1. Can Gly110 be described as more than 14 Å from the chain's Cα centre (by Cα) and either at pLDDT below 95 or crowded, with 20+ Cβ neighbours inside 10 Å (or both)?
2. Could you grab me the full set of residues in the range 189-223 that are β-branched (Val, Ile, Thr) and either under 21 Å from Gly133 (Cβ atoms) or in contact with a Cys (Cβ under 6 Å, 6 or more places away or on another chain) (or both)?
3. If a residue must be of a type in the set (Asp, Glu) and outside any loop (DSSP other than H, G, I, E, B), how many such residues does the range 38-56 contain?
4. Would you confirm, using the coordinates I've provided, whether Val40 is within 11 Å of the chain's Cα centre (by Cα), surrounded by 14 or more Cβ atoms within 10 Å (Cβ to Cβ) and in contact (Cβ under 8 Å) with a residue 24 or more places away in the chain?
5. If I go through the range 64-91 residue by residue, how many of them are closer than 24 Å to Gly186 by Cα and surrounded by fewer than 22 Cβ atoms within 10 Å (Cβ to Cβ)?
6. Could you identify the single residue in Val206, Val175, Val181 that is among the β-branched types (Val, Ile, Thr) and touching a Pro at 6+ places or on another chain (Cβ under 9 Å)?
7. Based on what the data block shows, is Gly94 more than 14 Å from the chain's Cα centre (by Cα), surrounded by fewer than 22 Cβ atoms within 10 Å (Cβ to Cβ) and free of Cβ contacts under 8 Å to residues at least 24 places away in the same chain?
Amino acid sequence: MHTPQTATTAAPQSPTTFIDEGFNPTPHEFGVGARFTLAVMAENFAEVILDALRQADATGLSVTTGSVSTHVAGAEQDVMRYLAQVITAAGRSGAHVAATVHLSRGCPGGITCDVPAGGAALRSEIPRLTSAGVDCVAEWALYPLADGGPDGGSADHMREIYHAIDHARTTGVTVTPDHFVTRLEGDLAAVLETIAAAWVLVGRSVQHVTTHASLSINSPSAS
């Protein structure tokens, strides 16, 4: 995926608090961000992708493109706004668009953050997105990467995943279990908001949380 060169802007941050009062990182320091790849099945794919990236609001974000994907770092609200705007703009082209999105926060030992061990977690507000007017289908998986549960209890990643799926059923998107993933269908913004909500809510008690989603718009083989 080819995108414009790295862009960095000053970062207004979403409301956040840290459970451990001795460590109060910014979203950048906590490793909040996303990696995504956009594919457009059209002859003018480069034009569609580059136009979508140019239209998106990167305020508050660091955006870096490599040979495989684009990394976006910043507060959850800013990250999700940017992703929604890029993918929506591409989807409005009418072409079949596929996007692969990887969200992560609290990466211990990562190159973008150095979060202390012990399970402390960042509390953030759920991102809110404006309706896109573009229908989307997504295959979504959530990964609470916890060595121990809250308050020193035992880790239970499936408990967190089931809670996230239960929350997704309250958001208005269509939620369907499938092999190894959960299928989400609805307005693109609502689907992304649902994915982000689980990421943030689980992240209030689990330090390191990642989530993957493969999104499809205007698919010729929709079923």
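The values are calculated or read from the model by the stated rules, or taken from the named source; none is laboratory data. Worth saying up front: this structure is predicted, and the values here are computed from it rather than measured. Reconstructed Cβ throughout: ideal geometry from the backbone, glycine too, with neighbour counts over all protein chains shown.
1. yes
2. Scanning the range 189-223 gives Val191, Thr194, Ile195, Ile217.
3. Final tally of qualifying residues: 2.
4. Judged against the criteria, Val40 is not a match.
5. Total meeting the criteria: 2.
6. Numbers: Val175 fails: touching a Pro at 6+ places or on another chain (Cβ under 9 Å); Val181 fails: touching a Pro at 6+ places or on another chain (Cβ under 9 Å).
Testing whether each residue is among the β-branched types (Val, Ile, Thr) and touching a Pro at 6+ places or on another chain (Cβ under 9 Å) leaves just Val206.
7. No.
Each row is one residue, and each column tells you yes or no for (1) at pLDDT 95 or above; (2) farther than 24 Å from Glu29 by Cβ; (3) surrounded by 15 or more Cβ atoms within 10 Å (Cβ to Cβ).
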{"site": "Ala121", "(1), (2), (3)": "no, no, yes"}
{"site": "Glu139", "(1), (2), (3)": "yes, yes, yes"}
{"site": "Ala146", "(1), (2), (3)": "no, no, yes"}
{"site": "Ala164", "(1), (2), (3)": "no, yes, yes"}
{"site": "Thr174", "(1), (2), (3)": "yes, yes, no"}
{"site": "Phe180", "(1), (2), (3)": "no, yes, no"}
{"site": "Leu188", "(1), (2), (3)": "yes, yes, yes"}
{"site": "Glu193", "(1), (2), (3)": "yes, yes, yes"}
